[in-house]
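The values are calculated or read from the model by the stated rules, or taken from the named source; none is laboratory data. None of the values given here were measured: they were computed from a predicted structure. Cβ atoms come from the backbone with ideal geometry, glycine included; neighbour counts cover every protein chain shown.
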Amino acid sequence: MGILIKPEHKVLASALHVRPKEGLAFSLEELQEFIEGYFELLTIRRNLPRSLWEGTGYQYLMVNEEGKLKNLPFNSLASALHGSEIVGNAVLLEGGELE
């Protein structure tokens, strides 16, 4: 299960849990729908508070690779997870959720 983080989500508990339509992994098309465009795969930081990631397999953050060019809104929660400025929707994923 992934977590869809929209710019209006300020804490992880308010983000939306999403599941692949079929099987255990998300298709590329599903991920593009969530982030509204072409995506870039980023790795999350592990120097976050342990409560955010301990006991989970979350390793990756999918973001819109053209988000800054499209002037998408700043995503503070996704930015904190990665450690750099992220804009637009992002999807937090475990390693085995990629097709």
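Need the failing condition index for ARG45 against (1) assigned to a loop (DSSP other than H, G, I, E, B); (2) at pLDDT 90 or above; (3) at negative phi, just the number.
Answer for ARG45: the failing condition is (2).
Considering only the stretch 23-36, how many residues are assigned to a helix (DSSP H, G or I) and either farther than 20 Å from VAL87 by Cα or in contact (Cβ under 8 Å) with a residue 24 or more places away in the chain (or both)? Spell out the reasoning first.
Our first condition is that a residue be assigned to a helix (DSSP H, G or I); within the stretch 23-36, this holds for 28-35.
Going one step further and asking which of them are either farther than 20 Å from VAL87 by Cα or in contact (Cβ under 8 Å) with a residue 24 or more places away in the chain (or both), we end up with 28, 31, 34-35.
Looking only at that region, the number is 4.
In the stretch 49-99, which residue that is part of a loop (DSSP other than H, G, I, E, B) and touching a helix residue (DSSP H, G or I) at 6+ places or on another chain (Cβ under 7 Å) is modelled with the lowest pLDDT? Before the answer, list the steps.
Our first condition is that a residue be part of a loop (DSSP other than H, G, I, E, B); within the stretch 49-99, this holds for 49, 54-57, 65-73, 75, 83-86, 88-89, 99.
Checking which are touching a helix residue (DSSP H, G or I) at 6+ places or on another chain (Cβ under 7 Å) leaves us with 57, 85-86, 88-89, 99.
Working: GLY57: 66, GLU85: 94, ILE86: 95, GLY88: 97, ASN89: 97, GLU99: 60.
The qualifying residue modelled with the lowest pLDDT is GLU99.
Out of all the residues in the stretch 11-22, which are in a loop (DSSP other than H, G, I, E, B), over 15 Å from MET62 (Cα atoms) and in contact (Cβ under 8 Å) with a residue 12 or more places away in the chain?
VAL11
Return the residue satisfying two criteria in turn: it lies in the stretch 70-80 and is closer than 15 Å to GLU8 by Cα and touching a residue at least 24 places away in the same chain (Cβ under 8 Å), and of such residues it is surrounded by the most Cβ atoms within 10 Å (Cβ to Cβ).
Going through the stretch 70-80, the residues closer than 15 Å to GLU8 by Cα turn out to be 72-80.
This time we only want the ones that are touching a residue at least 24 places away in the same chain (Cβ under 8 Å), so: 72-78, 80.
Working: LEU72: 19, PRO73: 12, PHE74: 13, ASN75: 25, SER76: 15, LEU77: 22, ALA78: 27, ALA80: 17.
Per the criteria, the residue is ALA78.
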